[in-house]
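Accompanying notes for the structure given below.
What follows is calculated from the coordinates using simple rules that are stated; it is not laboratory data. Remember, it's a predicted structure, so these values are computed and weren't measured experimentally. Because the Cβ atoms are built from the backbone with ideal geometry, glycine has one as well, and the counts that use them run over all protein chains shown.
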Amino acid sequence: MLIDVIPARSRGLDGSLVAHISHPALTGKGKTHLLGRTTLKALLARLKTAPPADDKVSLWVALADAIRPPRAHRAEAAAAALTTLTQTLATDPELRAPLSAALVSLFVDHKQVSLYVFSGLLPSTGFFSEIARRLGHRLLPDVINTNYLKDLLAVIFHRRDDEIWVDAVADEVWIAFFQILLTEGGSAEHHGTGKLVPRDSLPVAVAEILEALRMLSYHVSAIGLDPELVRVDPQLEEVESPFLAQNAELVRYLKSYRAGWQEPDTMPESENHLIVMLDQCNDVLQRVRRRATRQGTSLTLTFTLERLRQHLDRIHELLDLLRELHAAREISLLLPRVVALFKRLVRAECRKNRLSDHWRTHVELLSLRMTESASKTGEHYITTTRSEYLGMLASAALGGVIIAIMAAFKIMLAHKGMAPLNEAFAFCLNYGLGFALIHILGGTVATKQPAMTANAIAASIEETRGKTRNLDNLAEVIVRTLRSQFAAIVGNLGLAIPTAILISLAVAHLSGGQFIGIAKADALIADASPLSGAPFYAAIAGVCLFLSGLIAAYYDNLAAYNRIPQRLAQLRWARRLLGEALVERIARYVENNLGALAGNFFFGFLLGGTTALGVLFGLPLDIRHIAFSAAYTGYAFAAYDFSLPIATLALTMGGVLLIGLVNLLVSFSLALSVALRARSITFAQSGTLSSLILRRLFARPLEFIFPPRAAPAPESAPRNDKPL
């Protein structure tokens, strides 16, 4: 039976139209009302004599409207209403009997398979197709067909936030409600509700679950043969696929279960072999996930793996339910498991058209794969020994020299009087090529570190797994990270300012005039002042730093997924022109550095393009970067013939340090947040960890600046091979 969606009716919170069925007992349009004894009698009056199916549907809609609290988060109101309803039914058999029969009819008269096979599980359409489907169904809801229990559930719990109060109401309250209905003897025509209703010698509910399992098994077989999985794990073609074997085992198990139901004292054929096959499917799933960490991933692969995991979990859930059903023969004895499943299905139906859920789930899974590359890159930015620390100082010093030269080019380009678009493009190229050159020459930019080290720290946090004894190792990683960051900042600033001064002196010596005038020097000093908008612009630069880290991780993943190094090594013309040895070296360099080069290059475009966007849209957008601000201060200091007032110089240097602090905090916070969310980590021991770090700061403060003579054994940030 199809229910037409009437536009005049109320809308759910997600904007979709709600299908309401007219009934005399429904008061108002979707309004919550109290369920009194008189109202309940009116609702159940038509159910005593073979009522139309629509009346039964409207009964459940009315009951849900009555129980629903004014606000979804006020679950105590829903629990009180449900408890009152349960008590009323317990004391009045005349009210309880028709409602019990209506509950039976849900499972006898409505098709259940789609509820178990599709509700809460990703479809086969793909990531972007599912986005289009959800968007389309939010704008124009699908036709509701209450012949299907899945659609009926969506009609009863038609508000998008219904899943909040349904889940918040304690399981015991729901169990008590269903227990009252399932213990009702009922009339012969309804077969009673305490026992499962038979159909062809097999209960309807059991027959539907068996059919759902069969369909889920076929889906798993199809997903397991997806070319994306075979590409990552070629072994699936060399040995018998467990995805096909599980289907044969499950079909055999379902057949024995049907036969075994006739003999209550006899268990069906053991499901152990089936469980082994399903475990092998899960092993393949985890193996593909781990290989995707090294070989790269894509939205398609991520979507496929998540869909496969959901189907395997649902099969296990229904198998557990079947096992207990065979032993108990009564739904009432399995209510804890049934209520848990009921809550999950309600949640799935309420959230089935949410774009945010779909996007967040897959982007976080994809972010995990990309941040794995960033965490491994971040290990190189965390020094342990004194030699590594001095190496960091040297590489940061090289970065400071190049940044001072880039700042000089920026000043020169600004004096060319180019058209705004050409000028913005020139700034972008200056930044992008300069940062890429720093990486090629082995230099370090201090502000690039947080986006990488944050992922390494997130991997270390996951490794603690809530064990306090591992917090000491995590504290050591953080101390080493802070020490390495200090070395990078000292190296950048320690050479950026002197290099800028030397360039100014060289220009003055060669040309007889200052590199920049007093007016330009005043503007550069004002830009770095903490009393200006420098902190806000520094935060924008911090966001650019964070985005550049994601870009670097994306290109690392892209190089691995598309096997770009291997494809480069196969180029015949390159081998003939450059020689095999050189081509192999280029391929290895691309494999190890493509992400870093892309991240640095696009970071330059982010910095250069932000100001241009501000001019184009009339917005107060600009960037402040600690190393560039330090270099500009050096140029301004030289322009004043080193005669800046001490107070002005101190204020300017304070502004430079504030810019650096904001750069680091914003980029580190964003990167750490993404890395933790991608790993589904909630770190509840931050207080303990903070106290450990503070104790180390007061006991051995120099370790935060310079490594101890006898450094501990190197601890590389652990890789994350944990299954999702």
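Given the convex hull over the Cα atoms of region 295-357, what projected area results after averaging over all orientations, in nm²?
Working: hull surface 23.6 nm².
With every direction weighted equally, the projected area is 5.9 nm².
May I ask you to derive the FRET efficiency for Ile131 and Arg291 from their Cβ-Cβ distance with R0 = 35 Å, giving the value to the nearest 0.05? If you can, show how the numbers build up before the last one.
On the way: r = 27 Å, r/R0 = 0.77.
Efficiency at R0 = 35 Å is approximately 0.85.
How big is Rg to Rh over region 91-138, alpha-carbon atoms, Rh as the Kirkwood inverse-mean-distance radius? Walk me through the numbers on the way to the answer.
Details: Rg = 18.1 Å, Rh = 14.0 Å.
Taking Rg over the Kirkwood Rh, I get 1.30.
State the Cα centre-to-centre distance between region 576-604 and region 147-187 in whole Å.
Measuring centre to centre over Cα atoms gives 59 Å.
With an 8 Å cut-off on Cα pairs and a minimum separation of 6 or more residues, tell me the relative contact order of region 384-701 in percent.
Numbers: 428 pairs, mean separation 100.6, N = 318.
Here the relative contact order equals 32 percent.
Greater than 23 Å separation of Cα atoms is the criterion. Which listed pairs, Lys416/Lys448; Lys150/Lys255; Lys150/Lys352, meet it? Intermediate results must be reported in sequence, preceding the final value.
On the way: Lys416/Lys448 30 Å; Lys150/Lys255 26 Å; Lys150/Lys352 11 Å.
Correct reply: Lys416/Lys448; Lys150/Lys255.
Taking only the C-alpha atoms, wrap a convex hull around region 478-620 and report its volume per residue in Å³ as a whole number. Don't jump to the answer; show the numbers that get you there.
Working: hull volume 32.2 nm³, N = 143.
Value for region 478-620: 225 Å³ per residue.
Set the Förster radius R0 to 51 Å, insert the Cβ-Cβ distance between Arg575 and Arg214 as r into 1/(1 + (r/R0)^6), and round the FRET efficiency to 0.05.
0.40
Restricting things to Cα coordinates, could you compute the convex hull volume per residue of region 586-648 in Å³? If you can, show how the numbers build up before the last one.
Details: hull volume 9.6 nm³, N = 63.
Taking the convex hull of the Cα positions in region 586-648, it is 152 Å³ per residue.
Among 271-284, 492-505, 61-74, 228-241, how do they line up from the highest to the lowest mean number of other beta-carbon atoms within 10 Å? Provide the component values of the computation, followed by the final result.
Numbers: 271-284: 16.9, 492-505: 21.9, 61-74: 18.6, 228-241: 14.5.
Descending packing order for the listed peptides: 492-505, 61-74, 271-284, 228-241.
Highest mean first, how do 308-320, 392-404 rank when packing is the count of other Cβ atoms within 10 Å averaged over residues?
On the way: 308-320: 18.5, 392-404: 23.7.
Result, highest mean Cβ count within 10 Å first: 392-404, 308-320.
For the peptides 576-589, 598-611, what is the packing order when you average, over each peptide's residues, the other Cβ atoms within 10 Å and list the highest mean first? It would help to have the intermediate numbers written out before the result.
Numbers: 576-589: 13.4, 598-611: 22.9.
Ranked from most to least packed, the peptides come out as 598-611, 576-589.
For region 198-326, with the dipole built from +1 on Lys and Arg beta-carbon atoms and -1 on Asp and Glu ones, taken about the Cα centre, which of Phe303, Trp261, Leu225 lies farthest toward the positive end?
Of Phe303, Trp261, Leu225, it is Phe303.
Give the value in nm², to one decimal: projected area of the alpha carbon convex hull of region 384-701, averaged over all directions. It would help to have the intermediate numbers written out before the result.
Values: hull surface 82.7 nm².
So the mean shadow area of the Cα hull is 20.7 nm².
Any idea which of Asn593, Ser667, Ala650 is furthest toward the positive side of the dipole for region 384-701, if Lys and Arg beta-carbons carry +1 and Asp and Glu beta-carbons -1?
Looking along the dipole axis, the top candidate is Asn593.
In nm, to one decimal, how far is the Val276 label point from the Leu355 one, both placed 7 Å along Cα→Cβ?
Label at Val276, label at Leu355, 4.9 nm between them.
At Arg252 and Glu172, where each label point lies 7 Å from the Cα along Cα→Cβ, what is the point-to-point distance in nanometres?
4.5
Taking only the C-alpha atoms, wrap a convex hull around region 198-326 and report its volume per residue in Å³ as a whole number.
Numbers: hull volume 11.9 nm³, N = 129.
Value for region 198-326: 92 Å³ per residue.
Just report the Cα centroid separation between region 417-441 and region 97-137, whole Å.
Region 417-441 and region 97-137 have Cα centres separated by 54 Å.
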